[in-house]
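The values are calculated or read from the model by the stated rules, or taken from the named source; none is laboratory data. All values reported here derive from a predicted model rather than from experimental measurement. Cβ coordinates were reconstructed from backbone atoms using ideal geometry, including for glycine residues, and neighbour counts include every protein chain displayed. Heads up: the accessible areas ignore ligands, DNA and RNA and are worked out on the full protein's heavy atoms, side chains in. Shrake-Rupley method; radii C 1.70, N 1.55, O 1.52, S 1.80 Å.
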Amino acid sequence: MFRGAGTTTRHRLLAGVLATALSAAGLVHATQPSAAAHPRHTEKNAVAVGAGGAVSSVDPEATAVGIEVLRRGGNATDAAVATAAALGVTEPYSAGIGGGGFLVHYDARRGVVETIDGRETAPLAMPRDAFIDPETGEPYPFFPEMVTSGASVGVPGTPATWQAALDSWGTYSLAKALRPATRLASRGFVVDATFREQTLQNRERFAAIEPTAELFLPGGDAPKVGSVFRNHDLAHTYRLLARKGVDAFYEGSLAREIVAAVQDPPTVAGTGLPVPPGAMRTGDLARYEVLRPEPTSHDYRGVEVFGMGPPSSGGSTVGETLNILERFPAGAMPTERALHHYFEASALAYADRAKYLGDGRFVDVPLAELLSDGFAAERACRIDAERAAAKPVAPGDADGDYGAGCGTGAEAIDRPDTEGLSTTHLSVVDRWGNVVSYTLTIEQTGGSGITVPGRGFLLNNELTDFSHVYDENDPNRIDGGKRPRSSMSPTIVLADGEPWLALGSPGGSTIITTVAQILINRIDLGMDLPAAVAAPRASQRNTANVVAEHEFIESFGDDLAAYGHRFAATAELGAAAAVEILPGGLLRAVAEPERRGGGDARVVLPR
């Protein structure tokens, strides 16, 4: 079955020649290593500088897998797929083959940026009232009731994404790319405090689903910190995909098992959670295909920023925020004044996101207008340099008619934020200059909570990203076959036509502000990339309060309160993973030093 561009793996002549040369130099190993050569990786490294390729992710086991692929001559796509598969083992509550995502790729040979949309789709038979409790006529409470349901599960896109990426840009087969993660699932990884805490946070709903309780709550408790967690069922599933390809996921017995788990969730007797069934059918899986939208692109202070188009709102909303901010000399302002302008720009962009963004196959998204300089100037006209606007602000008219004024007035749109804060991101650069920025997810931490029996992976709850109450004027309304709006923002930045940065983050609708703030920190505020990633964060999403980390409020709260900004504290925002290409071709890989337990960044040849 055709699920992406091409059906055979490309082996570039250049890659082969360089891999041969590197093998002669001792950088590529021709023999299969022994089991003793696969130690468990627990040490985390926030910053690494060197050559030969770089990987940044939230997990040291996954980063080690990607680095080993690069060391053995694989390219950025090979390493990205292998790393993502490893994250499906060690970050099963954030990502895995039961979910979806967006991948942005820079091809060094052709000098082009391309994307893969592996977002989940709604079943064709999904009803408009899928999230309405028939007893009350009101939406189910979001957590744990709504997310823990077959009704929340979209058709997964991750396996098809991996195959499509390898077919288009890789040198590995899917079987070869899955091999390290299969070993990792079999031998196990060391449980850290974050894994145990996330399990305990989901204990009630995990305990309600029999195969989930068996896998993640052995003996009724979360795995202990320092213990080894093995997932033999997932290893078997990866071996199945390695032998038979991704069609084994979308057709046949595994597809039937996925549909059975959605239509009749395997709950334990007597659970108090409703766990309503979903509408997915085997035909929905068989019909799934990745899409290849054009990347979003725009200039920001002399660099080109590439992101993901609809159904992601990431590329357009990051882009619009930066385009609005570009009308002001943020780099020459005191920090608190620059942050005020950043908050106001992001609020305006989120207002336009609410009005216009959805799956472009179902709604008309004026993407070119949202990213145009004329629209940005009209929206920037709304910013008061001295005072924060009352939130929510109204959306603009992305109609191509931009005069000297600030646009016509419109009513503010105030819809609840329905995106979960989980997800994961990885960034990869190889020795040839190819770049991958890949954000993947199962939505909520723990997804739907439904593990496919005997298969070792959780299904997503991605359909809760739709607006829960149907409104025909809402671009993110529920429709059968539609992809819910996302905020995932995998980003690649070019400087002078050459790749410079790859970055992204988890965090639901705060992903957009995390990526935008890192870029502002790096480009406008003079921070190097490690400082730009580590700096305290705040997120203004067109709401009365700015959600901000405690350190941000301590540092800037009083000064920004003078502009009229109000704050709501949160422990942390996002968990970025980034790579920067430095002058002279050196690579700087950067992961979070602390957020979500810290990430791991590595290079093939450290300096």
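Points worth noting:
- Subset of region 43-68 that is more than 19 Å from Ser505 (Cβ to Cβ) and in contact with a Gly (Cβ under 9 Å, 6 or more places away or on another chain) - its residue that is surrounded by the fewest Cβ atoms within 10 Å (Cβ to Cβ): Ala51
- Residue match in region 499-514 (condition: surrounded by fewer than 16 Cβ atoms within 10 Å (Cβ to Cβ), in contact with a strand residue (DSSP E or B) (Cβ under 9 Å, 6 or more places away or on another chain), in contact (Cβ under 8 Å) with a residue 60 or more places away in the chain and assigned to a loop (DSSP other than H, G, I, E, B)): no
- Filter pass, Gly219 being over 26 Å from the mean Cα position of the chain (by Cα) and either in a loop (DSSP other than H, G, I, E, B) or more than 30 Å from Pro141 (Cβ to Cβ) (or both): no
- Taking every residue in region 450-474 that is farther than 15 Å from Ala255 by Cβ and in contact (Cβ under 8 Å) with a residue 24 or more places away in the chain and pairing it with any residue that is part of a helix (DSSP H, G or I) and of a type outside the set (Gly, Ala, Ser), at least 6 positions away or on another chain, the pairs with Cβ-Cβ distances below 6 Å are Thr451/Pro211; Thr451/Thr212; Thr451/Leu215; Gly456/Asp233; Gly456/Leu234; Gly456/Thr237; Thr464/Met146.
- Options Arg596, Arg541, Arg522; residue that is of a type outside the set (Gly, Ala, Ser), open to solvent by 20 Å² or more (accessible area, probe 1.4 Å) and more than 30 Å from Glu197 (Cβ to Cβ): Arg522
- Residues of region 387-409 that are modelled with pLDDT of 95 or more, open to solvent by 30 Å² or more (accessible area, probe 1.4 Å) and in contact with a Phe, Trp or Tyr (Cβ under 7 Å, 6 or more places away or on another chain): Arg387 alone.
- When residues in region 44-55 are screened for being part of a loop (DSSP other than H, G, I, E, B) and aliphatic (A, V, I, L, M), 1 of them pass.
- Reported count of residues in region 224-246, each being surrounded by fewer than 17 Cβ atoms within 10 Å (Cβ to Cβ) and more than 15 Å from Arg455 (Cα to Cα), is 7.
- With respect to the conditions (1) acidic (Asp, Glu); (2) within 29 Å of Pro60 (Cβ to Cβ); (3) out of contact with any Ser or Thr (no Cβ under 7 Å at 6 or more places or on another chain), Asp558 falls short on a single one, namely (2).
- Qualifying residue in region 369-380 (condition: of a type in the set (Lys, Arg) and open to solvent by 40 Å² or more (accessible area, probe 1.4 Å)): no
- Scope region 56-74; condition assigned to a helix (DSSP H, G or I) and of a type in the set (A, V, I, L, M, F, W, C); matching residues: Ala62, Ala64, Val65, Ile67, Val69, Leu70
- Among the candidates Ala86, Ala125, Ala79, Ala108, the residue that is under 16 Å from Ser427 (Cβ atoms), modelled with pLDDT of 95 or more, open to solvent by 10 Å² or more (accessible area, probe 1.4 Å) and not hydroxyl-bearing (Ser, Thr, Tyr) is uniquely Ala108.
- Enumeration of residues in region 287-305 that are open to solvent by less than 30 Å² (accessible area, probe 1.4 Å) and either farther than 21 Å from Ser448 by Cβ or assigned to a strand (DSSP E or B) (or both): Val290, Pro295, Thr296, His298, Tyr300, Val303, Val305
- Test for Ala531: is it free of Cβ contacts under 8 Å to residues at least 60 places away in the same chain and either among the hydroxyl-bearing types (Ser, Thr, Tyr) or not in a strand (DSSP E or B) (or both): yes
- Verdict on Asp117 being over 26 Å from Leu240 (Cα atoms), in contact (Cβ under 8 Å) with a residue 12 or more places away in the chain and of a type in the set (Asp, Glu): no
- Test: residue in region 535-545 that is more than 24 Å from the chain's Cα centre (by Cα) and without any contact (Cβ under 8 Å) to a residue 12 or more places away in the chain: no
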